[in-house]
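These notes are about the structure you will find just below.
The values are calculated or read from the model by the stated rules, or taken from the named source; none is laboratory data. Computed from a predicted model, the values in this text were never measured in an experiment. All Cβ positions, even for glycine, are placed from backbone atoms using ideal geometry, and neighbour counts span all protein chains on display. What goes into the accessible areas is simple: the full protein's heavy atoms, side chains included, and nothing from ligands, DNA or RNA. Shrake-Rupley method; radii C 1.70, N 1.55, O 1.52, S 1.80 Å.
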Amino acid sequence: MDYQMMQKDMTLKLRMLRQYLRENEVPAGIAVLVQRQVEQRLQERERLDENDVVALSVLSAALRSQLRFEIQRPDLSRHPVFRLWIGMDTKLMHRTCMKAVSFLYLRPRDDLFAPGATAQSAYALVKGCLSYAQSPDSSPVSDEVCTAVEPGKWLCEAALWVEWTHVGRAESTMACQMLEIGASSLSQCLQQDFIIKEVAVEYCRQFHKRVRAAYPPHAPWPTDLEIPFTDYCNLVVSMSKQVQVAIGRDAVNQLSMQRGARAIEQLRQEVDSSKSIVVVTGTGAIIRVVSLVVLRATQPSGHVFMQVGKYDGSSVKSALQLPGVKQEADELVSETLERIFATKLTMLEGKLEFLGITQEDQEKESKEFGVQTRYLRSICAARLPAGKKLDAHVCTEKPKEVESEAVFCEEVMRQSTSSGALMHHLLRALKEIIVYAVPSGDRSGNLYAWVPADRLGILGSSNGEKILRTWLSN
């Protein structure tokens, strides 16, 4: 009986549709497409929404909010900041889920948003697949760019933190389930907890700074899918120390439930003294975070500007690495780079052409604290134009201890297992390199040089380190 009623209802709807198309003289080609899509969608079984389940209306407000929270929690907690807030105040997040969070269902070929529209919500794709397209008339792209969006991806997070206008079109390529977070409602909910509000304000401030700084050559233009350098860890390392401590304490408390208080007491002290930044990721992993900003400057010849050592009043130590420093609180990567020029590499300031920033992440286990440490390494690429020279103290005097190339080669070979031919070839390359001494304190400082790119691998090896040390000490 129900099936017959459904068929009768669908027949009536299709008849009215055909009448509407005829009365409005819709071209036959469009009319066929419209009828085909309507008929297909009328035959699809729609997923039940909370409002369709009448029995839920008899639940108490508290139990209904708890039910919705438990349904939405797995998808919401994939975003680290929501996971953080759930751990800080679960009851507040119950209310937030009732007022600001809902599920949205899309059929194939439905638009989620279009370019030029003001964004009111952020979305997380739970199931299905979307296509995100940008075109030259609405985005700073030369040709149309299409990106497939897979489950777990967040879209338009910027809508929660800034006034955002969509710069692309998102369309479902199959049936999709989305988690939708309303920006205005979320803002009202977060006002109710002082610590969560403080974290949200700082998160918003850092996010906004990165939106404003997202333009070439510092970063790619922002899109509805990606705002450069707004990964959770990137934002936390730039937050105020007070907020970093609050985030770190929550992470350490979770760690203590897993391992016991004694095992993490040292890490807790590090967090409280602002010496370590500890976070919980979207997957629930608890990690330390260290953010480094390094400069990779090159010459037209292919030489790379490297720190090759350090010196003090009594000794020289080799250290082959790109020059850089740790990123400090409330700093963008570009601001950290400016600090490098102002404090360590004044001879390069104003002489380089900036090419862009890339980030390489690496994780290593910290034996001292028993957790993984994630190193966020932002590499600032730059180029020294031909003809530009550096104003710095140059170490050019030939070592008195080395009377000839053969003597130096023999000395190096005694400390290395590499072949004599390789040593001879490498020695000749080293003798061509100019070393710059840059003071950093009383009778101490760093040594820098333009090193051939094809020699970095050799010099970075264990044998190469011995060669470098011998070369610098002489």
Q.
Out of Glu202, Glu198, Glu270, I need the residue that is over 27 Å from Leu112 (Cα atoms), assigned to a helix (DSSP H, G or I), open to solvent by 10 Å² or more (accessible area, probe 1.4 Å) and modelled with pLDDT under 95. Which one?
A. Glu270
(Q) Given the condition modelled with pLDDT of 95 or more and over 26 Å from Tyr215 (Cα atoms), answer yes or no: does some residue in region 117-125 qualify? (A) yes
(Q) Being assigned to a helix (DSSP H, G or I) and open to solvent by 70 Å² or more (accessible area, probe 1.4 Å) is the filter here; which residues of region 42-54 pass it? (A) Gln43, Asn51, Asp52, Val54
Q: State the number of residues belonging to region 169-185 that are in contact with a strand residue (DSSP E or B) (Cβ under 8 Å, 6 or more places away or on another chain) and within 27 Å of Thr281 (Cβ to Cβ).
A: 9
Q | Members of region 342-357 found to be surrounded by fewer than 18 Cβ atoms within 10 Å (Cβ to Cβ) and either acidic (Asp, Glu) or under 30 Å from Tyr203 (Cα atoms) (or both), listed by number | A | Ala342, Thr343, Glu349, Glu353, Phe354, Leu355, Gly356
**Q.** Filtered residue count, region 296-326, keeping only those that are open to solvent by 20 Å² or more (accessible area, probe 1.4 Å) and in a loop (DSSP other than H, G, I, E, B)
**A.** 9
Q: Please verify whether region 207-219 includes one or more residues that are open to solvent by 30 Å² or more (accessible area, probe 1.4 Å), in a loop (DSSP other than H, G, I, E, B) and aromatic (Phe, Trp, Tyr).
A: yes
Q) Do the conditions hold for Val162, that is, is it part of a loop (DSSP other than H, G, I, E, B) and either among the aliphatic types (A, V, I, L, M) or open to solvent by less than 60 Å² (accessible area, probe 1.4 Å) (or both)? A) yes
Q.
I need the helices (runs of 4 or more DSSP H) fully contained in region 365-474, keeping only those with at least 1 residues that are under 40 Å from the mean Cα position of the chain (by Cα) and modelled with pLDDT of 80 or more.
A. 456-459
